[in-house]
Amino acid sequence: MDYKNFERMFVDPSNEASDWEDAIFQAGKAGDDKEVERLFMQADEIYLEESQINTAIETFTRKESPEEKNRLLNGLNKIDWVKSVKVENGVLQIDTEKGSLVVALISEVMNGYQDDLRLLTSGRKGFCHTDSIKMCRQYEQDSNVVTGYIYGLSNKAKYLHSWVEFESNKKEFVADYTMNAVMNKKGYYMLKHAEVLSKVSNKQLKEDWKILGQLAKQGITFKENEYLVFRDEIMRDLEKNFGDNKKDSDREDR
């Protein structure tokens, strides 16, 4: 793949996915059932239940009133394939016919994020690549920034996204800053229909940032999402064309 064509290959310049979802929401809000049906007919696969669960989780992890949280959590029990919902010690567990989701709050369980007020608001959205890189670099144990596609209401609502994956007590977890959520990996992939494009380890991030920092001083920069998808190709080209920068960063470490 050619990372120089990143924008054309991975970014939706027409915002087709978000426009389609927004049209669904607006038609539903207006009570226009025919328009909702027409729009859904454009999709090959519908993920309505997953979207409803996702909305409830995002409400659970925001700074909402207890009444609002209870209203949405109670609504989960009305979804056909949800078997049970419970909250214990601040952890949400949703058991479904497709598997279980276990959700804790990043702001409560991850070091360094207890005072991050942005996690409790809609301001946590929009910077998934940057925030995932920051989280992964700060995490003391082995972890990876994973970049790929996630889906909203249907296969038409396809978004490029990044999250962090790590293991604890031999179990795999996902930390998604945009949701203020630490979830069991299997549950997250089920909920988001996640498709992985790339993984970058925290060790690679720390090493690469030394080199990228040197290049930034020369005016050579990369967007975070571009770097995450094409990390191996980019670093290989940089090594070939700007090998002296790696030597400079190595000297700074001594």
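Every number here is computed from the coordinates shown, using simple stated rules; none is lab data. Keep in mind the model is a prediction, meaning the values are calculated, not measured. A quick note on method: Cβ atoms are made from the backbone with ideal geometry, for glycine too, and the neighbour counts reach across all protein chains shown.
Listing for the model above:
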item: The chain: Rg to Rh, with Rh as the Kirkwood radius over Cα pairs; result: 1.01
item: Region 110-124 - phi-based ³J(HN,Hα) in whole Hz, Karplus 6.51/-1.76/1.60, Gly and Pro as x; result: 10, 4, x, 10, 5, 9, 7, 5, 4, 4, 8, 10, 5, x, 6
item: Restraint check, Lys185/Lys217; Lys125/Lys170; Lys170/Lys192; Lys34/Lys185; Lys125/Lys223, Cα-Cα greater than 26 Å; result: Lys185/Lys217; Lys125/Lys170; Lys34/Lys185
item: Sequence-distant residues sharing a close amide H with Ser143 (under 5 Å, placed H); result: Asn202, Lys203
item: Mean Cα-pair separation over length for the chain, i.e. relative contact order, pairs under 8 Å, 6 or more apart, %; result: 19 percent
item: The chain: DSSP helices with Cα axial extent of at least 24 Å and average Kyte-Doolittle hydropathy no lower than -0.5; result: none
item: Exposed-site-free run, longest, the chain (rule: GluC sites (Glu not before Pro); DSSP loop; at most 13 other C-beta within 10 Å); result: 141-254
item: Inter-part distance where region 163-179 and region 93-158 are each reduced to a Cα centre, Å; result: 8 Å
